[in-house]
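Note sheet for the following structure.
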Amino acid sequence: FFFLKNVNRFIDLQEFKQESLNFWEEPYQEASKWTPCADKRYPTSLGKPGENNGYIMVSANGGLNQQRVAICNAVAVASLLNATLVLPKFLYSNVWKDPSQFSDIYQEDYFMRMLKDDVHIVQELPLHLKSLDIEAIGSLITDADIVKEAKPIDYIRTVLPLLMKNKVVHFLGFGNRLGFDPFPPELQRLRCKCDFHALKFVPKIQEVGSLLIKRIRKFKYHAAERQLDKQLLGDFTPSISSKENYVERGSSRYLALHLRFEEDMVAYSQCDFGGGEHEKKELEAYREVHFPLLIERLKNSKPVSPAELRKLGKCPLTPEEAALVLAALGFKRGTYIYLAGSRIYGGSSRMHPFTNLYPNLVTKETLLTYNELAPFRNFSSQLAALDFIACATSDVFAMTDSGSQLSSLVSGFRTYYGDGHAPTLRPNKKRLAAIFSENSTIGWTTFEDRVRKMIEEGQRVRVRGSGRSIYRQPRCPECMCRS
């Protein structure tokens, strides 16, 4: 497996090669030709149906980002089935341990008002339905009843008859139970409208999110108001008094990094990270407690070696590997980097190679005081919302695992509201694994060139492909307009 024992073999800690490419900027002008328009009315817009077939309840599982996807999918299904959506609930998870509900994270009234012309939304079931035993009448729908990435016809065949018979159905779970293609354009547009327009964080989160990025940027802001800032921070969007003041003080750029090296990710990957027998036993114990279904699946399948997993690009990047990628892209030692999540497996000792190379590393815990963070403590989804804001409004966003929900939703948000000036750096994990596998023979210049070509390839302006998530890739006629 790849694990560099000495970063100095590749690069001098004090002096990086001069940037030949500027990864602080979007490389393709074509990106600025796509503009947000999912909230516009079209002649083909469905509108709110006159006939109502009943009520849809949703209890969303997962963390902040899984719940966000579930909400938008629920809005689309309610419209598809001519139903009234009851404001979604969030399930309590032993992993996330967060009792937060919709109104603790999102502006409830704004959400309902924004979608009022598209779908009926109410806060609670009417009294005559509240007393029903949903499970007893057969209206409880779990993930076992709906296939992953289900098509609209699956809901019409499976759910609509129950809805019309009992006037209520309850989706328990509902994470990724709605596919992307084939899908009616009007419903696709409605999902975009929900994600990019209707879900606004509550003022408490906006206010502290604004304070967070002020401190990252050292109170220095762009003179022009950015759509990204306004959409995420609302009335708490930072501003400056005059252009002269802006010129005098300058602008402090920062890179946000989503380093998916938390214990759950590391354990689930089944990869080897050089920690010996102690690490192996520790991760095995974690899997047994938190991933029982994975353990069962492993018992009935052919084992894949850690070396093969790494070769296939299935292993999370270590902090050390992430630092080398950023260095290869030309980011200097003094770069300010915001680390999302911050609960890195192995703690400060694992992060040492990264911070040795990039000492200006900050997190929400280091930028905010104990009292400022106090209202969010023990509420993981609200803390994740602060990370979402810091990542989405950053000058450049770098991810190490393109499959995570946070990275996907943040990159989609930056595409939608970035006006072609919000670059996202996304690695091809399999190609990167091949590059790292040559660590004993590859020279730094070759390493640089290959990493840069890989990232450049991921920055090309592409229209959403068939089956691809509109939350991650909103460049399509259903979500954005092309000038």
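The values are calculated or read from the model by the stated rules, or taken from the named source; none is laboratory data. Here the structure is a predicted model, which means the values were calculated and not measured. Quick reminder, even Gly has a Cβ in these numbers, built from the backbone with ideal geometry, and neighbours come from all protein chains shown. The accessibility values were calculated without ligands, DNA or RNA, using every heavy atom of the protein model including side chains. Shrake-Rupley method; radii C 1.70, N 1.55, O 1.52, S 1.80 Å.
Report the Cα centroid-to-centroid distance between the range 254-268 and the range 72-88 in angstrom, as an integer. Centre-to-centre distance over Cα atoms comes out at 33 Å.
Helices meeting the span-like rule in the chain (full DSSP H runs, Cα extent of at least 15 Å along the helix axis, mean Kyte-Doolittle score of 1.0 or higher): 380-392. Looking at the range 55-198 alone, DSSP beta bridges between its own residues are antiparallel in about 0 percent of cases.
Using the Cβ of Lys364 as centre and a radius below 13 Å, the other residues enclosed give a net charge of +1, where K and R count +1 and D and E count -1.
With r as the distance between the Cβ atoms of Thr158 and Thr446 and R0 = 56 Å, compute the FRET efficiency 1/(1 + (r/R0)^6) and round to 0.05. My answer for the efficiency is 0.55. Listed values for the range 109-122 are Karplus-derived 3J(HN,Hα) couplings in whole Hz (6.51 cos²θ - 1.76 cosθ + 1.60, θ = phi - 60°), namely 5, 5, 4, 5, 5, 5, 9, 5, 8, 10, 8, 6, 9, 10, and x replaces Gly and Pro. Listed as lacking a disulfide-compatible partner in the chain: Cys391, Cys476, by the criterion of no other cysteine Cβ under 4.7 Å. So the label point goes 7 Å from the Cα of Thr142 along Cα→C-beta, right? Which residues of the range 157-177 then have their backbone N under 18 Å from it? Only 159, 169-177 pass the distance filter. Here the label points at Asn378 and Arg253, each 7 Å from Cα along the C-beta direction, are separated by 4.2 nm in the simple model.
Add -39500 (n - 2.57) for each DSSP H run of 4 or more in the chain, then divide by its residues: what number comes out at 222 nm, to the nearest 500 deg cm²/dmol?
-11500 deg cm²/dmol
With coordinates expressed along the principal axes, the C-alpha atoms belonging to the range 289-432 extend over 47, 38, 36 Å, beginning with the largest.
For the pairs Lys218/Lys453; Lys311/Lys453; Lys116/Lys200; Lys230/Lys429, flag any whose C-alpha to C-alpha distance is greater than 23 Å. Walk me through the numbers before you get to the answer.
Working: Lys218/Lys453 32 Å; Lys311/Lys453 19 Å; Lys116/Lys200 15 Å; Lys230/Lys429 33 Å.
Going by Cα-Cα distance, Lys218/Lys453; Lys230/Lys429 fall outside the 23 Å limit.
Modelled label positions at Asp133 and Leu294, each set 7 Å beyond Cα in the direction of Cβ, lie 3.8 nm from each other.
If you filter the range 91-166 for trypsin sites (Lys or Arg not before Pro), then keep DSSP loop positions with at most 13 other Cβ within 10 Å, what is left?
Details: sites: Lys97, Arg113, Lys116, Lys130, Lys148, Arg157, Lys165; in loops: Lys97, Lys116, Lys148.
Passing both the DSSP loop test and the Cβ count: Lys97, Lys116, Lys148.
Per-residue Karplus couplings for the range 160-166, computed as 6.51 cos²θ - 1.76 cosθ + 1.60 with θ equal to phi - 60°, are listed in order as 4, x, 5, 4, 5, 6, 9 Hz, Gly and Pro entered as x.
Counting 0.36 nm for each residue step from Lys314 to Arg41 and taking away their Cα separation leaves a gain of 94.0 nm.
For the chain, the antiparallel share of DSSP beta bridges with both residues in that region comes to about 15%.
Relative to the present Cα-Cα distance, how much length would full extension add between Glu456 and Val122 at 0.36 nm per residue of separation? The partial results should precede the final answer.
Working: separation 334, 0.36 × 334 = 120.24 nm, distance 4.57 nm.
Additional length available on full extension: 115.7 nm.
Counting only GluC sites (Glu not before Pro) that DSSP places in a loop and that have at most 16 other Cβ atoms within 10 Å, the longest clean stretch of the chain runs over 263-437. Remark: the Ser93-Glu277 segment gains 63.2 nm on full extension, using 0.36 nm per residue and subtracting the alpha carbon distance. In the chain, the portion of solvent-accessible area held by carbon and sulfur atoms comes to 51 percent [1.4 Å probe, whole percent, DNA, RNA and ligands not counted]. For Leu85, nonlocal amide neighbours, meaning residues 5 or more places apart or on other chains whose placed amide H falls under 5 Å from its own, are Ile56, His120, Ile121, Val122.
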